[in-house]
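Down below is the structure, laid out as structure tokens.
Just so it is clear, none of the values below were taken in a lab; they were calculated from the coordinates. Owing to the predicted nature of the structure, the values given are computational and were not obtained by experimental measurement. Here the Cβ positions follow ideal geometry from the backbone for every residue, glycine too, while neighbour counts run over all protein chains shown.
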Amino acid sequence: MISSASLEELHAFARSAGLSERAFDRDHYDAPAHRYQELVDAGAVPVAGSQLVRVLADSGLRIRSRERPEKLQRGLQRRWARLGPEKGPAAQRWEEIGRRLLQCWSEPHRSYHALPHLGSVLRVCANLERDGELPAPLRRPVLLAGWFHDAVYRGEAGADEEVSARLAEDLLDGLLGSAEVAETARLVRLTAHHSTEEDDAAGSVLVDADLEVLGRDWPDYRRYTEQVRQDYAHVPDDQFAAGRAAVLRRLLGTSQLYRTRTARQLWQAKACRNMERELAQLQDQAGPA
């Protein structure tokens, strides 16, 4: 059982139908076959199996196989291992840091700022590197900053990035050279405002990877906005809408949303359309001043 509108709708229907929370599998509920007609009578709309995945994908709520935590964990562990020493006590300490970071990114209060976002940032950084946007010597600090940039997440913009940068400085001290540790922390701090200098190739790649989500197809963008709202569930609706609108206006007012040539070509136009559409929806919800 799925929803084409929102997970909130899906959960509400499941509760009203008496389905156990344990039947929920990230983007759908597994309902017993003998309850099929009962659920239809309660308002569920029958959909052919061949259409189910398409409906879920069009809604932006589908959790792809690569985004499921069990698969993400294994892939991310391999990515982390490739960045550090291979043998000896340093390798053991490196592995422990990787486990700690994965635990941070797996915290239950996270919705958007979770493992799929980490995997996406690392993947996009690698893609931009292959497209010639990142010199090889800058690769490791950028990827490390990707790992640490939301390692601490409490829903406090600016403060989270600062504490995450300090965590990188503490954990990497003694494992890497001081200059590389400092560069990693500097890059983490950039993600608080997504502003870089013209000649900052490392910062440009990391910031563009962090903002890549803005340039996705509308269903995926809508899922991102719903997840961000869940991450800021502690903020009242009116305050969240005002803050979110301010962020969108700031990003739309930026002369270059994306810093790398590749990112501008791939995502700039779609990102602007998405943000303008979301901003219009926020203004409609607010009503006349």
Simple Cβ-charge dipole of the chain, Lys/Arg +1 and Asp/Glu -1, about Cα centre, in debye nearest 20: 780
Estimated distance in nm for a label pair at D237 and S20, the labels positioned 7 Å out from Cα along Cα-to-Cβ: 3.3
Top of P46, P85, P141 by mean-square fluctuation, Gaussian network on the chain, Cα under 10 Å: P46
Computed Kirkwood radius, in angstrom, where 1/r is averaged over Cα pairs of region 215-286: 12.9
Taking the convex hull of Cα positions in region 83-240, its mean projected area over all directions (nm²): 10.0
Which labelled figure in (i) 65, 51, 35; (ii) 50, 42, 40; (iii) 58, 38, 31 is Cα extents along the principal axes in Å, once derived from the coordinates: (i)
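For a quick check of your reading of the filter: which GluC sites (Glu not before Pro) in region 176-267 sit in a DSSP loop and have no more than 12 other Cβ atoms within 10 Å?
Taking region 176-267 and a limit of 12 other Cβ atoms within 10 Å, the loop GluC sites (Glu not before Pro) found are E197, E198.
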Stretchable slack from D217 to D30, in nm (0.36 nm times residue separation minus alpha-carbon distance): 64.6 nm
